[in-house]
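Remarks on the structure that follows.
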Amino acid sequence: MSKVILKVEDLRTSFFTRKGEVKAVDGVSFYVREGETFGIVGESGCGKTVTGLSILRLLPEPGGQIVGGKIIMDGTNLLELDKKEMRAYRGKVISMILQDPMSSLNPVYPIGDQIAEAVRLHQGLRDEMVQQEVISALRLLQIPTPEVILGDYPFQLSGGMRQRVVGAIAMSCHPRLLIADEPTTALDATIQAQYIALFKDVQKKTNVSIIFITHDFGVVANMCHRVAVMYAGKIVETASTSTIFKSPRHPYTSALIKSVPRLDRKDKRLYSIKGQPPSLLDLPPGCRFFPRCPMAKNVCREQEPPEVEVGDGHSVSCWGVK
Amino acid sequence: MTGAVKITNGGDIRGGARRTSIFLQWTFFIPAVVLLLLVIMAIFAPVLAPYPYDQIAMSDRLMPPFFAEGGSTDHVLGTDLIGRDVLSRVIYGARISLSVALLVILITASIGTVLGIIAGYLGGRTDAFLMRFTDISLAFPAILIALLFAASIGPGYWTVVIAISLLGWAPFARLIRGEALKLREADFVAQARIIGTSPLRIMVRHIFPNIINPLIIMVTLSVGMIILTEAILSFLGAGIPPPAASWGNMVNDGRSLIDVAWWISTFPGLAIGLVVLAGNFLGDWLRDKMDPRLRQI
């Protein structure tokens with residue numbers, strides 16, 4: 001088994017607002033191995049994106065702050081680096097693709113310049129070499145005729161193409177970890193499938209590790225090796241993709257999987273989880289899923305469930321699991 | 001742009017050849033030509049002016065323009081109280097009035113842009129401090145402060161330039177700050193941060209190029225304002241001292257003689273009006289052109 005390159009331990013990220021402290025990420029731990037795709041799944045507002053941004057230390061300011069934990073990349077705790085050292089990690093070691101890659105390109109520069117910016121920043125190459133790196137990044141993302149497209153402005157490209165260019169920027173400095181924050185959400189289904197295939201191809205060629213943030217279990221099944229399910233700022237269950245689908249142990253995980261529409265079963269109504277996630281300003285003392293949980297017990301109301309290892313690489317935080 | 005990648009675009013069939021020539025649009029063409037002619041006039045003043053601006057001819061005092069009764073084509077726009085040729089002085093006056101406008105714009109737009117981008121992008125305390133400073137500057141009556149400054153330093157060309165610039169940067173700073181604030185949240189700025197771009201580089205390379213449009217519009221609109229302010233300062237005696245001709249001090253010279261020799265004030269006044277109008281038209285045209293919502297109509 002390949003080695004672990006990223007280890008996140010008890011990460012806590014809060015937003016300090018006028019109403020109080022919003023614990024967007026509250027004690028999240030996971031690791032990512034070299035060359036694997038790790039999925040983070042959960043509904044909107046559960047802290048997936050904030051987790052991703054915390055790894056790069058790019059939280060929205062003012063307000064966003066990492067209040068505790070460790071983020072260890074190749075033995076270095078990123079939270080101990082100063083601003084300049086951290087900048088050297090961004091793009092070069094860890095890169096990210098945003099939720100809406102369509103608007104991630106600067107409208108006033110040709111795309112070649114935008115990829116070159118990243119290359120120049122981290123690799124200190126001469127111009128001809130930069131050009132070559134740019135073209136190879138575009139090739140990696142399977143962009144046809146990169147030499148021609150180089151001079152195009154973002155508005156001259158189609159949506160799918162722009163998305164690949166954003167991927168090329170992210171991959172241009174050969175990062176070891178790529179955080180992809182719902183990159184497929186803005187795409188229609190056919191392009192989505194293409195894009196996922198493209199990601200897999202990029203990963204095969206570069207052995208990059210990917211943290212794939214999504215709310216779509218279909219994408220998880222296609223893309224990820226291991227998955228963490230997040231709920232209200234905490235990871236409730238971590239397991240390999242096949243285990244999650246075959247034997248989910250947390251009631252929230254099974255509820256989520258049940259809510260995915262399926263063509264092969266003729267259910268009358270699509271399953272939905274009753275109620276709403278708790279406010280992150282005012283969390284219940286016990287299990288966060290307790291108010292919506294079909295299997296809630298008394299202990300769930302009073303105490304937070306500990307994380308229990310239930311199988312090989314499969315851990316769950318639920319009182320119902322023994 | 002810093003060190004662009006050499007780009008070879010194989011046979012560009014995309015951009016170009018779809019918009020009509022801007023020279024067919026009169027709202028652009030007329031003000032642009034007017035401003036261009038005035039600039040040429042200013043540059044070639046010694047060649048174009050029939051007389052030196054300070055040549056006194058006591059025998060030809062208060063001659064009316066050629067089309068009025070008693071006028072002559074020797075002094076096409078007439079002469080002033082001490083027999084100086086009004087046309088020559090209007091032509092020379094363009095030098096001072098237009099160069100003051102240009103200098104003041106360079107100074108105020110640069111200061112305003114730098115402060116605006118820093119405040120808007122960095123936000124937080126920097127923003128609060130710079131913007132309160134801007135608000136204070138905006139709260140003062142600009143003309144009075146300029147007048148106070150000019151009066152205490154003593155009139156002169158550079159006094160006028162500095163006096164107008166003193167508070168003139170504030171509207172620029174406020175506008176640019178708003179734009180930068182908007183762009184700060186743009187995804188491409190986030191993307192730049194993700195690849196490790198430094199804040200300075202983001203401001204220079206990603207924010208600045210995207211605020212050039214509103215900046216150009218603001219510049220064209222303030223040309224008129226600056227010339228007017230110079231005229232007001234000169235009119236109030238705190239501007240360009242005689243015998244140098246600026247449009248403002250010419251209007252001032254003719255003020256007391258307006259009922260006997262209307263031409264002394266009128267022609268430089270018209271020149272001021274022309275520049276202000278041309279600047280405003282050009283600014284309006286640019287604003288319409290660069291606003292995508294208006295462009296689609």
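The values are calculated or read from the model by the stated rules, or taken from the named source; none is laboratory data. All values reported here derive from a predicted model rather than from experimental measurement. Neighbour counts are summed over all protein chains in view; Cβ atoms, including those assigned to glycine, are modelled from backbone coordinates with ideal geometry.
Within segment B:128-138, is there a residue that is buried (at least 18 other Cβ atoms within 10 Å of the Cβ) and of a type in the set (D, E, K, R)?
No: segment B:128-138 contains no residue that is buried (at least 18 other Cβ atoms within 10 Å of the Cβ) and of a type in the set (D, E, K, R).
Of all residues in segment A:105-120, which are closer than 23 Å to A:THR206 by Cα, touching a Leu at 6+ places or on another chain (Cβ under 8 Å) and within 7 Å of chain B (Cβ to nearest Cβ)?
A:GLY112
Being crowded, with 23+ Cβ neighbours inside 10 Å and away from every other protein chain (no Cβ under 14 Å): is that true of B:SER110 here?
Values: crowded, with 23+ Cβ neighbours inside 10 Å: no; away from every other protein chain (no Cβ under 14 Å): yes.
In short, no.
Which condition breaks for A:LYS274 when tested against (1) loosely packed, with under 14 Cβ neighbours inside 10 Å; (2) without any contact (Cβ under 8 Å) to a residue 12 or more places away in the chain; (3) assigned to a loop (DSSP other than H, G, I, E, B)?
Unmet for A:LYS274, out of (1) loosely packed, with under 14 Cβ neighbours inside 10 Å; (2) without any contact (Cβ under 8 Å) to a residue 12 or more places away in the chain; (3) assigned to a loop (DSSP other than H, G, I, E, B): (2).
Within segment A:201-215, how many residues are surrounded by fewer than 18 Cβ atoms within 10 Å (Cβ to Cβ) and either without any contact (Cβ under 8 Å) to a residue 40 or more places away in the chain or among the aliphatic types (A, V, I, L, M) (or both)?
Residues meeting the conditions: 1.
Assigned to a loop (DSSP other than H, G, I, E, B), out of contact with any Gly (no Cβ under 6 Å at 6 or more places or on another chain) and loosely packed, with under 10 Cβ neighbours inside 10 Å: is that true of A:ARG265 in this structure?
yes
Given the residues B:LEU294, B:LEU257, B:LEU282, which is the only one that is surrounded by fewer than 16 Cβ atoms within 10 Å (Cβ to Cβ), of a type in the set (A, V, I, L, M, F, W, C) and modelled with pLDDT of 80 or more?
Testing whether each residue is surrounded by fewer than 16 Cβ atoms within 10 Å (Cβ to Cβ), of a type in the set (A, V, I, L, M, F, W, C) and modelled with pLDDT of 80 or more leaves just B:LEU257.
Does segment A:91-109 include one or more residues that are without any contact (Cβ under 8 Å) to a residue 24 or more places away in the chain, more than 21 Å from A:VAL32 (Cα to Cα) and not aliphatic (A, V, I, L, M)?
Yes, that holds for at least one residue.
Out of the residues in segment A:132-162 that are more than 12 Å from every other protein chain (Cβ to nearest Cβ) and touching a residue at least 40 places away in the same chain (Cβ under 8 Å), which is farthest from A:ILE115 (Cα to Cα)?
A:GLY159
Here is a yes/no grid of residues against (1) under 16 Å from B:GLY248 (Cβ atoms); (2) touching an Asp or Glu at 6+ places or on another chain (Cβ under 9 Å); (3) at pLDDT 90 or above; (4) among the aromatic types (Phe, Trp, Tyr):
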| residue | (1), (2), (3), (4) |
| --- | --- |
| B:THR134 | no, no, yes, no |
| B:LEU138 | no, no, no, no |
| B:ALA150 | yes, no, no, no |
| B:GLY156 | yes, no, no, no |
| B:ARG174 | no, yes, yes, no |
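Might you check whether a residue that is assigned to a strand (DSSP E or B) and more than 14 Å from every other protein chain (Cβ to nearest Cβ) occurs anywhere in segment A:47-60?
Initially, segment A:47-60 is screened for residues assigned to a strand (DSSP E or B), giving none.
Looking for residues that are assigned to a strand (DSSP E or B) and more than 14 Å from every other protein chain (Cβ to nearest Cβ), one finds none in segment A:47-60, hence no.
On the basis of being surrounded by fewer than 18 Cβ atoms within 10 Å (Cβ to Cβ), small (Gly, Ala, Ser) and touching a residue at least 24 places away in the same chain (Cβ under 8 Å), does A:SER240 make the cut?
Taking the combined requirement at face value, the residue satisfies it.
Please give the helices (runs of 4 or more DSSP H) falling wholly within segment B:142-250 in which 3 or more residues are hydroxyl-bearing (Ser, Thr, Tyr). I'd like the intermediate steps shown before the answer.
Working: elements: B:142-153, B:157-184, B:187-194, B:212-235.
Where helices (runs of 4 or more DSSP H) fall fully within segment B:142-250 and carry at least 3 residues being hydroxyl-bearing (Ser, Thr, Tyr), they are B:157-184, B:212-235.
Would it be correct to say that A:GLY42 is more than 9 Å from chain B (Cβ to nearest Cβ), touching a residue at least 40 places away in the same chain (Cβ under 8 Å) and over 29 Å from A:SER272 (Cα atoms)?
Considered against the rule, which asks whether it is more than 9 Å from chain B (Cβ to nearest Cβ), touching a residue at least 40 places away in the same chain (Cβ under 8 Å) and over 29 Å from A:SER272 (Cα atoms), A:GLY42 comes out as no.
I'm checking my understanding of the structure. Among residues of segment A:71-104 that are of a type in the set (A, V, I, L, M) and within 22 Å of A:ASP152 (Cβ to Cβ), which one is nearest to the other protein chains (Cβ to nearest Cβ)?
Here the answer is A:LEU98.
Please enumerate the residues belonging to segment A:240-257 that are outside any loop (DSSP other than H, G, I, E, B) and in contact with an Asp or Glu (Cβ under 9 Å, 6 or more places away or on another chain).
Answer for segment A:240-257, where residues must be outside any loop (DSSP other than H, G, I, E, B) and in contact with an Asp or Glu (Cβ under 9 Å, 6 or more places away or on another chain): A:SER240, A:THR243, A:ILE244, A:TYR252, A:THR253, A:LEU256.
Out of all the residues in segment B:82-96, is one or more surrounded by fewer than 17 Cβ atoms within 10 Å (Cβ to Cβ), at pLDDT 80 or above and of a type in the set (A, V, I, L, M, F, W, C)?
yes
I need the full set of residues from segment A:163-173 which are touching a residue at least 60 places away in the same chain (Cβ under 8 Å) and more than 11 Å from every other protein chain (Cβ to nearest Cβ), in order please.
A:GLN163, A:GLY167, listed by residue number.
Restricting to segment B:157-187, what's the tally of residues that are more than 19 Å from B:LEU221 (Cβ to Cβ) and surrounded by 24 or more Cβ atoms within 10 Å (Cβ to Cβ)?
Looking only at that region, the number is 3.
So in segment B:260-279, with the set limited to residues that are more than 24 Å from the chain's Cα centre (by Cα) and either modelled with pLDDT under 85 or among the small types (Gly, Ala, Ser) (or both), which one is surrounded by the fewest Cβ atoms within 10 Å (Cβ to Cβ)?
Per the stated criteria, the residue is B:VAL260.
Go over the candidates B:VAL47, B:VAL33, B:VAL39 one by one and state the one that is touching a residue at least 40 places away in the same chain (Cβ under 8 Å), more than 19 Å from B:ASP253 (Cβ to Cβ) and in a helix (DSSP H, G or I).
B:VAL39
Can we say A:GLY45 is over 17 Å from A:LEU6 (Cβ atoms) and either hydrophobic (A, V, I, L, M, F, W, C) or out of contact with any Pro (no Cβ under 8 Å at 6 or more places or on another chain) (or both)?
no
Out of A:VAL310, A:VAL321, which single residue is out of contact with any Leu (no Cβ under 8 Å at 6 or more places or on another chain), modelled with pLDDT of 85 or more and under 28 Å from A:GLY69 (Cβ atoms)?
Selected residue: A:VAL310, the only one of A:VAL310, A:VAL321 that is out of contact with any Leu (no Cβ under 8 Å at 6 or more places or on another chain), modelled with pLDDT of 85 or more and under 28 Å from A:GLY69 (Cβ atoms).
Starting from segment B:177-202, keep only residues that are more than 10 Å from chain A (Cβ to nearest Cβ), then list their pairs with residues that are part of a loop (DSSP other than H, G, I, E, B) whose Cβ atoms are within a distance under 9 Å, requiring at least 6 positions of separation or different chains.
Once the first residue is more than 10 Å from chain A (Cβ to nearest Cβ) and sits in segment B:177-202, its partners that are part of a loop (DSSP other than H, G, I, E, B) give B:LEU181/B:GLY123.
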